[in-house]
1. Label chain A by shape, choosing from rounded, prolate and oblate, from the square roots a ≥ b ≥ c of the eigenvalues of the Cα gyration tensor; if a/c is under 1.5 it is rounded, and otherwise prolate applies when a/b is larger than b/c, oblate when it is not.
2. I'm a student and want to see the number: the projected area of the Cα convex hull of segment A:153-279, averaged over all directions, in nm².
3. Compute the Kirkwood hydrodynamic radius of segment A:576-677, taking the inverse of the mean of 1/r over all pairs of distinct Cα atoms, and give it in Å to one decimal.
4. Output the Cα-based Rg and Dmax of segment A:572-795 in Å, rounding Rg to one decimal and Dmax to a whole number.
5. How large is ³J(HN,Hα) for each residue in segment A:618-628, as worked out from phi by the Karplus curve 6.51 cos²θ - 1.76 cosθ + 1.60 (θ = phi - 60°), to whole Hz, x for Gly and Pro?
6. Test of understanding: what is the full-extension gain from A:Arg824 to A:Gln982, defined as 0.36 nm times their sequence separation minus their Cα-Cα distance?
7. Which whole-angstrom value gives the distance between the alpha carbon centres of segment B:84-139 and segment A:108-123?
8. Taking 0.36 nm per residue of sequence separation and subtracting the Cα-Cα distance, how much length would be gained by fully extending the chain between A:Glu494 and A:Thr467, in nm to one decimal?
Amino acid sequence: MSDTAVIASATRVIHANWSDERLHLWCEMRPESDWFGVTPDENSHPYASAPDFIEGESSRITLRIPVHAGIPMPSHDMVNLGGIEVDETPPDGLAEVEIPTVSIAPSAISRVLEDLMDRAESEDSDDIHAGPGVRYFVAASRLVEHLIAGHRFVPMAFQDSDGSISGRWQPWLADEMSARRVGKLVRSMPPVARAVPDGHAHDAWSITNEMLTSVTDAHCRRVLRVEEMEDTIESADPGLDHQVAWLTGLLGQIPGIRAGTGQRAEIAKAVRKWISELEDRGESSSWRFGLRLSEPIADTLGQDAPDEAKLWSMSFYIQSLDDEEVILRGADIWLINRDRIVYEGLTLEHPQELLMGELGRASRYYKKLEDALDQSEPIEVLLETQDAYQFLREVKPVLEEQGFGVDAPAWWNSPTGRLGTRLRIDSDPLESLEGDPSDPDAAPAQLGLGTLVGYHWEIAIGDTTLTLHEFEELAQKNTPLVQVNGQWVEIRPEDVQNAIKFISENPGGEMELGEAMQLALASDSAQTGLPVTGIEATGWVASLLGGGDGTEAKLELPVLETPEKFKGTLRPYQIRGLSWMSFMERFGFGACLADDMGLGKTIQMIALMQHERATAPKDEPILPTLLVVPMSVIGNWVKEFERFAPEIKVMVHHGVDRVQGDAFVEKAPKIDIVVTTYALVNRDNDFLTQVKWGRVVLDEAQFVKNPAAKQSIAVRQLNVPRRIALTGTPVENRLSELWSIMDFLNPKYLGPSGTFRKKFALPIERHRDQNKMERLRSMVRPFILRRVKTDPEIVSDLPEKIETKDWCPLTSEQAQLYEGCVKRMLSDVERAEGIHRRGLVLAALIKLKQICNHPAQMLKDADPQHGRPVDPSRSGKCVRLLEQLGEIISEGDQALVFTQFRQMGHILATMLRHELGRDILFLHGGTPQGQRQKMIDQFQEATGKNPILILSLKAGGVGLNLTAATHVFHFDRWWNPAVENQATDRAYRIGQTRTVQVHKYIVRGTLEERIDEMIESKTELAENIIGHGERWLTELDTDRLRDLLQLRADTISDEF
Amino acid sequence: MAKKKATTKKAAAKAPPPPSDRVVKSVAKPTLSAHVPTAPKKVKPQYASFRSSRKSLTNPRRVRGGVKLKLKPDEQPSSWVTQRLMRVAEEGAKGEIYREGLEYARAGQTKRFTLDGTLCEGIIQGRSDKPYTTTLALSRFDAEAQEQIVAAMADQVRYAAKLLSGELPSNIEDVFAPLGLRLFPTEPTDITPVCSCPDWTEEEPWCKHTVCLTTILAERLGSEPMDVFGLHGMPGSDLVDALRQKRAVGVQGPGPSPVLAPLVPGVSDAPSAPLEDAIDSFWDVGASLDDLDTPIEPPPVSCVLLRRLGPSPFVGRFPLVGLLQTCYELIGSDMIEAQSDPDSLDDDPNG
């Protein structure tokens, strides 16, 4: 165990380089001894090694990397994550360094890299990080997969310098979409990934192209290894037939083509000529030839032909590429009959020849155009409906790729132009479910995703529902393009067959709402056989789905009022949030309130509990709520309940002396809300599950993001009718988190996690599949309400500055140190007097504050400037800070963190760098002016690279303008609101357009809480405190000191 | 879309309305063949004159094994290059002389034909004992012109691709015109014919021997059009090398190279900054990686690239394209299945 622990604690950053047709992986790892102390060998990297946990061949490569004083410098990731503090000295230059690697053959690259990424991203990460090169080649490998799935590759022949040739599969990147994708890839290549000095001459495209080709070739060959083609090939002799020779080189494991010198040249030339057709993008570089297919014009003679006999016109045009709006019709070109047309400042030379030439070229891909070539002045070709369909389906994409313009009627390929199916759900109107207050038996029905709803499938074209009769009529027409209400639509024969099959297999009836929603919102046309175009609902289901755009714009819910007992005011959006949660609970749906940090999720939840009590029937017991929170926010909840709803009975289930077992089961029903932690839900599962809970609430629900973690499983096991999740992170973007939260809220709705991963998580996370993302969003939207501070509706409700106090717990280590320190000081002051006594008190006060910040600050057992990052779990404040900063960064916001102690600033900077893997700015009194300005600029640029700026309070007090921050943290307190406000105003000042949120950290049970209470009490004493620093404390007698400083019970965490 | 239509209407408004019987005109005008797209502009074929001529006009000494013009009397040259040179010769020589020269060429009076560097030389056997020595020369492109030509062609994907595959783009002359140059002779004065026969004079350089040699050259350039560059003092292989270099941005990986390095617009023509200049961002991944989407989807049209390629480039009955289609389908569907294979993934942690 201890061995693995040592390895697990070592941060490893994995890098990747392409060299010698293989991918080389190497890693940076901080050696046990400080690497700066080691004298590195000439030409070797002091902290690079081969990642031996990866399967591959051990190898070596040479890299040119930045050095300082002859020593290779660590990567940014290593500096940040590994807690290496380096000088700001820039590198001297590049030097060649030899590095041991594990090298991977092209055929294994995809698998090895994906395994590595999974490992790097997993929750129980053994501190392995994917460096920039790995991320780059992972993207390249995924691009290959995309290209292969889309048939975007070509067979090619390769020639070596000795003249030998071989068959190879190569990605085809020259078309517009692929060029754009590969352009994004190549432009993002980190220089380190092209640092191998070889024939590629550090060129990003050259390296990437070779890597893409090698991986493509390996993929293709793997599939073609077992071949049905062998029969055909075996009977032919590669020696005699060039085609066989080439094809043999494309299959199997040996790419080499055996051929004589002359034959080689012939094969190479033929392949080159053939493939170069693909580059043939037209005769003119500034004008494009195009074809326009127009619908048949209604016959004015009244003798309307049947659809299939109607004639479609395909006309020709020439379009300027400089100004795509300049289009010359073929008919006009013949009429104008000039050698040169100047139109809108653009010159078209020999328009008639261009038209003829391009028409000839297009006819190579579409034989029907040959008719036009026989005309002297071709203007159009007439097509029958069947041919028009074939043109649209099969020829159009080919011509477009070849650089021709193709204008299809607008309905083509639009969802309104194709046959689809829609799910219709009928449910009772909202009001009918409310129950009759006069009739005690007519309690509101409990509904939910398991409720059976009546449904049936409709055949539809766009928004138009077809009757069975209409559909049958369409199905009888033997043509894929037909008119429905005068509008042409595509009726694919396979769609008709599938529709008939689908409707007969799904006659409608009743099914569970969850199932219906899955069917309608997440179906693949691959499963149903035809596109599912959506869902239409009546009654309460419509209300559920209506709110489903993730905002509240469409919420059609009964709006509640602020509960009478609520001590305070709810803002309008908070009332809407309360109403929504109440509606969701009312109908048995689990709901996730995902408002931005600072919008008051806690008080909305408190109000929901009050509303529940105000509206419940008198004679029925209200079952208790179980609130599960991270340790760091227990204090907050308790304080908030005390402040806004003192009548609610709160019990904290936490700490060594917590009520357990049967005693707990007996006591819980008498309580309104039991607050416990994620760890205890798991540990005390056996008796927690015995209580009949009315509701379970998860706060900071992202804590269950790992679906397999014990605490995640434990919360899903709690059997309760009502479930609410609160989170401030944009859950929709983190898929395993989303699944885990949704599976808690509405079990089984998103399916088993394995299926979910395959169907949504992988395509979205690995390949950024937008269609899948959209489909998933539409499924989860009804259950998530997320308002952000920038929503116009919210902004108007918000003050410009929100101040909150964050109550943090002490860890047991902190508590022990704290108590020890208080005890020692009290016994010391007993025997001291005057200045000496005052000095003792002040020294102890400083120590106590340091303990509250982090034990390491007082014990000096960390050396943040050169040493390793401190363990954040030793400090309640640090844990909370990390949670909140994580949320802030994920929202793209920036934050200032103020501390009084420069040393604490160092500790925080190193710790945050390591934990968040980012550059952290730290500005203190000793920062030289030049660097100071640079940091401020970096922060104000708000590029997302430096979202956190730590300031020592003194350094931050002078005229700084830091409006790029929307969050201000006071990590420790100055006890002088004026000083704190001055600091806060760095962010909250002219130029600030957003709401600034101020977080003041207070450790519960300690002097921090006591002093805060005094300031809040606005007594005479408070007046003394404000503006006079801590001097007054030193005047207190020992008893009062004891009162003030002694640790209060029930505030220590035992879980860190 | 609507805007496009509007513009088209504007264009239409400028021109008189189309005649109502626009669809098909039954009167056949001399038309351009679609396969010779930008051949000499709308000029009537001039071969009618020799097509009808059957009787032998000349009576030279017979030559065994001489170089013969392959073009049959009733045939049109398949290459526009051949067509063009023959027309130039026809314009240069008087009708009778042209016909006689053509007869010589068909009869194989050319004892020897060499194309050496900038000079095309022929030994033509006439009526006298001794054969005549005949040469043809074209204008030279100087170094500056050559540079301009390479630059102009490298810019154009279609020129580069065709030339690299050893083919001459049909409208290649569009590159030369703006430079004030002519690649293929268009007028008789574009060729300098010299002959040792008594009929040849500097003022009237077109004798039957020069005509004969010109038609042989015409046919040769029809099949090997790249040779025309050599005649201008710019060997075709140099041009292709120069183009390759331009297009490959001077960087070629260490491994074997594809027989055709496709140009990827905006990527393969944008060389990376020197590594030394990238020290500040040495470890940084560019932001564009974040919006690179690579969805795994079957193509809208299967094997679209293969469809564009058309029939196999090789002769023979071996079903290459059909087999390649099978390859595409196997490879593509394997990828789609691999991405949605439930067995390859973890099971539900809930069991």
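What follows draws every value from the coordinates through simple rules; no lab data is involved. Bear in mind the structure is a predicted one, so any value in this text is a computation, not a measurement. Note: ideal-geometry Cβ built from the backbone for every residue, glycine included; neighbour counts use all protein chains shown.
1. On the way: a/c = 2.25, a/b = 1.45, b/c = 1.55.
Verdict is oblate for chain A.
2. 9.0
3. Working: mean 1/r = 0.0676 Å⁻¹.
Across segment A:576-677, the inverse of the average 1/r is 14.8 Å.
4. Considering segment A:572-795 through its Cα atoms, Rg and Dmax are 17.5, 56 Å.
5. 4, 8, 9, x, 8, 6, x, 9, 9, 10, 9
6. Extra length from A:Arg824 to A:Gln982 when fully extended: 53.3 nm.
7. 71
8. 7.8 nm
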